[in-house]
Amino acid sequence: MTDSERAAERAAERTAGRTVFKGATVVDGTGAERYRADVLIADGLIAEIGHGLDAPTTVDADGLVLAPGFIDMHAHSDLALLLEPEHPAKVTQGVTCEVLGQDGLSYAPVDDTTLPALRRQLAGWNGDPEDFDWDWRDVAGYLDRIDRTGVAVNACYLVPHGSLRMLAMGWANRPPTPAELDRMRQVLAQSLLDGAVGMSSGLSYTPGMYADTAELVELCTVVAAYGGFHAPHQRSYGAGALEGYAEMVEISRRSGCALHLTHATMNFGVNRGRAGALLELVDRALAEGVDLTLDSYPYLPGSTTLAALLPSWATEGGPGATLARLADPAECERIRYEVEEKGSDGCHGVVTDWATIQISGVRSDGLVGVVGRTVAELAGEQGRGGTEVFLDLLRRDELATTILQHVGHEENVRAIMRHRAHTVGSDGLLVGARPHPRAWGTFPRYLGHYSRELGVLTLEETVARMTGRPAARLGLHRRGRIAAGYHADLVLLDPQRVRDAATFEQPRLPAEGIEHVYVNGTAVVRQGRTTGARPGRALRRTDRGTLAR
């Protein structure tokens, strides 16, 4: 669809003015019991809910569920949303809003020194397009770029702590000086004024991993002053998982900052069956008054870059310094010892099992044959050790290789999703030959597999975790519910057919059973097909602590 055709469609919808969903089964996002009604939308808002409603445009919703649009609390679409603004991976799941700037690393705020290094570091997550205009440096500029581009979904943004640290002190492995900390505070405050909803941190990624608790308390105090929240990728999801979660709670206690535990998991063999210990920690914090929520994805494997498995000392100084170490045999032996014998902090304090590390994407054309293979399989075929293959891939692909890490446990996944503080995040990377299917399948998988087939959650509870609950965490203004006066971000789905079609072998298959999706009153999916419409926009936090309309 061309820009002129898209504009004509939007104009036609505005001229028609009113659309009614007739006979819908309404699941309103609050967790309340479903009910049958007609729902009328006009001028981008839900105008009326009742019976016998009429409008120039009618959508037959008999036998279908009408829900608020889904909110992805952990998205990695920072570049994808600009490069492919129709955003089929998310709209075909019913997602109408994403939270970007995750894991302490993204492209705003930056300067001319940090942007090239960030692009290189994040190539495995987001790609690194050459013919692309990086015409922003601060959060305001990035959000403006989203609005100028015109995108299919709404977007919120978290200030990445690692990017702040790069601006203030590069990749130094030490506490900040008072002047450096002041600069981080100032840039953070301005970024929140520019519209960010909070701050993310990536405490197993360079350079965020070099921050101590005191530094994070200082910055979270600023976030709290602006009504935002802290979304940490904490220090360990393996051997030190509980200690890592406890540190995040302590930061919230000391700073007064709301806490959202992103991709809250308990992984690796050391944590099998230990989700209850995490949830006890969460319940104690809630009882003490900590404002705490969490999100998770409904799959067992995780996904990250291959370079993330390196020990933290090996990544000090940024990508260039890392590659230099990988060319030094003595440094490579130090890495081998930590990865294979000691347990690298990059692998969450656990000795790496190469049979669990599966290559999902590469940047170098000469490495496409390794995609879909585990490091252990490659090592066996080549007659080399796993760490030798690991280091060779990092060198040849210049750190851009992405992986699936098969370390999750089903009992932990189900226990965490049942918790009352739970919301949904995909954590899906959209680049690579075979990315994790959660990028295309997270929301229908909750609805189909875990709700309809397994009964882990009711449909009403599942929808609330995707809509009303995350909207409340984000402070969204009149979103996340089906109620008169709310924005018309809506999903019409078949509750008997909805399911994830994406698999590990074919990860980019769109969901089934998602019939219509509306963003700000405009259809982005109609009869299961994307329309090409781009009615989404950046949702900015105001200085009053709420999000602008």
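Set the Förster radius R0 to 22 Å, insert the Cβ-Cβ distance between ARG396 and ALA355 as r into 1/(1 + (r/R0)^6), and round the FRET efficiency to 0.05. If you can, show how the numbers build up before the last one.
Working: r = 21 Å, r/R0 = 0.97.
Taking R0 as 22 Å, the efficiency between ARG396 and ALA355 is 0.55.
With a bin width of 10 angstrom, please list the P(r) values of the chain as percents of all Cα-Cα pairs, from the 0 bin to the one holding the largest distance.
The calculated distribution, bin by bin, is 4, 19, 30, 27, 14, 5, 1, 0.
Pull out the extension gain between VAL368 and ARG284, defined as 0.36 nm times the separation in residues minus the alpha carbon to alpha carbon distance; nm, one decimal.
Result: 25.5 nm gained on full extension.
Heavy-atom accessible area per residue, the stretch 343-419, 1.4 Å probe: how many Å²?
So the stretch 343-419 comes to 36 Å² accessible per residue, rounded to a whole number.
If exposed means no more than 11 neighbouring beta carbons inside 10 Å and the site is in a DSSP loop, what's the longest run of the chain without any exposed GluC sites (Glu not before Pro)?
That gives 289-504 as the longest site-free run.
Tell me, what is the 1.4 Å probe accessible area of TRP125, in Å² to the nearest 10?
10
What distance in nm separates the simple spin-label points at ASP291 and TYR35, each placed 7 Å from Cα in the Cβ direction?
Rounded to a tenth, the inter-label distance reads 3.0 nm.
Please state the equivalent ellipsoid semi-axes for the stretch 83-238: what are the square roots of 5 times the Cα gyration tensor eigenvalues, largest first, in whole Å?
After diagonalising the Cα gyration tensor, the semi-axes are 25, 17, 16 Å.
State the percentage of accessible surface on the chain attributable to carbon and sulfur atoms; use a 1.4 Å probe and exclude ligands, DNA and RNA.
Reported share for carbon and sulfur atoms: 48 percent.
Using a 7 Å offset from Cα along Cα-Cβ at ALA246, what residues in the stretch 263-283 end up with backbone N under 15 Å from the label point?
Of the residues in the stretch 263-283, 277-283 have backbone N under 15 Å from the label point off ALA246.
Per the Kirkwood formula on distinct C-alpha pairs, the Rh of the stretch 62-115 is how many angstrom?
One decimal place: 13.1 Å for the Kirkwood radius.
Could you go through the stretch 277-290 in sequence order and give the Karplus-derived ³J(HN,Hα) for each residue, using 6.51 cos²θ - 1.76 cosθ + 1.60 with θ = phi - 60°, rounded to whole Hz, and x for Gly and Pro?
Ordered by residue, 3J(HN,Hα) equals 5, 5, 5, 5, 4, 4, 5, 4, 5, 4, 5, 7, x, 5 Hz.
For Cα pairs less than 8 Å apart in space and 6+ apart in sequence, what is the mean separation divided by the residue count of the stretch 426-549, i.e. the relative contact order in percent?
Details: 204 pairs, mean separation 29.1, N = 124.
Once divided by the residue count of the stretch 426-549, the mean separation gives 23 percent.
With charges only on Cβ, +1 for K and R and -1 for D and E, what is the dipole size of the stretch 301-435 about its Cα centre, in debye, rounded to 20?
Values: 13 positive and 19 negative charges, 93 e Å.
Here the size comes out at about 440 debye.
Across the stretch 323-424, what fraction of all alpha-carbon pairs, as a whole percent, falls in each successive 10 Å bin from zero upward?
Reading the bins upward from 0: 14, 39, 29, 13, 4, 0.
With a 4.7 Å Cβ cut-off, tell me which Cys residues in the chain come up empty for a partner.
Cysteines lacking a close Cβ partner in the chain: CYS97, CYS156, CYS332, CYS347.
Based on the alpha-carbon set only, what is the convex hull volume of the stretch 15-81 divided per residue, in Å³?
127
What does the extension gain come out to for GLU505 and ARG478, with contour length at 0.36 nm per residue minus their alpha carbon separation?
Using 0.36 nm per residue and subtracting the Cα-Cα distance, I get 5.8 nm.
Using only Cα atoms, what Kirkwood radius does the stretch 358-515 have, in angstroms? Numbers along the way, then the final one.
Values: mean 1/r = 0.0554 Å⁻¹.
Hydrodynamic radius (Kirkwood, Cα pairs) of the stretch 358-515 is 18.1 Å.
May I ask which residue of TYR107, ALA196, ALA42 lies farthest towards the positive end of the charge dipole of the chain, with charges of +1 (Lys, Arg) and -1 (Asp, Glu) on Cβ and the Cα centre as origin?
ALA42
How much area per residue is accessible in the stretch 50-183 when the probe is 1.4 Å and only protein heavy atoms are counted (Å²)?
With all protein chains present, the stretch 50-183 gives 30 Å² per residue.
Per-residue ellipticity at 222 nm for the chain, helices alone: DSSP H runs ≥ 4 residues times -39500 (n - 2.57), over residue total, nearest 500 deg cm²/dmol? The partial results should precede the final answer.
On the way: 19 runs with 178 residues, N = 549.
Value at 222 nm, helices only, nearest 500: -9500 deg cm²/dmol.
On full extension of the chain, what length is gained from GLN527 through ALA324, given 0.36 nm per residue of separation minus the C-alpha to C-alpha distance? If you can, show how the numbers build up before the last one.
On the way: separation 203, 0.36 × 203 = 73.08 nm, distance 5.26 nm.
The GLN527-ALA324 span can extend by a further 67.8 nm.
Report the trypsin sites (Lys or Arg not before Pro) located in the stretch 11-107 that are in a DSSP loop and have at most 10 other Cβ atoms inside 10 Å of their Cβ, or state none. Working shown, then result.
Values: sites: ARG14, ARG18, LYS22, ARG34, ARG36, LYS90; in loops: ARG34.
Of the trypsin sites (Lys or Arg not before Pro), not one in the loops of the stretch 11-107 has a Cβ with at most 10 other Cβ atoms within 10 Å.
Taking the 0 to 90 degree range and rounding to the nearest ten, how far is the long axis of helix 3-16 tilted relative to the main principal axis of the chain, both from C-alpha atoms?
40
Where the eigenvalues come from the Cα gyration tensor of the stretch 297-373, what are the semi-axes √(5λ) of the equivalent ellipsoid, largest first, in whole Å?
Each semi-axis is the square root of five times an eigenvalue, giving 21, 17, 12 Å.
Pairing the Cα long axis of helix 386-396 with the longest principal axis of the chain, what angle in degrees results, from 0 to 90 and rounded to the nearest 10?
70
Angle check, please: helix 139-149 long axis (alpha carbons) against the longest principal axis of the chain (alpha carbons), in degrees 0 to 90, nearest 10.
Result, in degrees: 50.
So for the pair ALA225, LEU193, with labels modelled 7 Å out along Cα→Cβ, what separation do we get in nm?
If labels sit at ALA225 and LEU193, their model points lie 1.1 nm apart.
The values are calculated or read from the model by the stated rules, or taken from the named source; none is laboratory data. Here the structure is a predicted model, which is why all the values come from computation and not from measurement. In this analysis, Cβ positions are derived from the backbone assuming ideal geometry, glycine residues included, and neighbour counts consider all displayed protein chains. Only protein heavy atoms, including side chains, enter the accessible area calculation; ligands, DNA and RNA are left aside. Shrake-Rupley method; radii C 1.70, N 1.55, O 1.52, S 1.80 Å.
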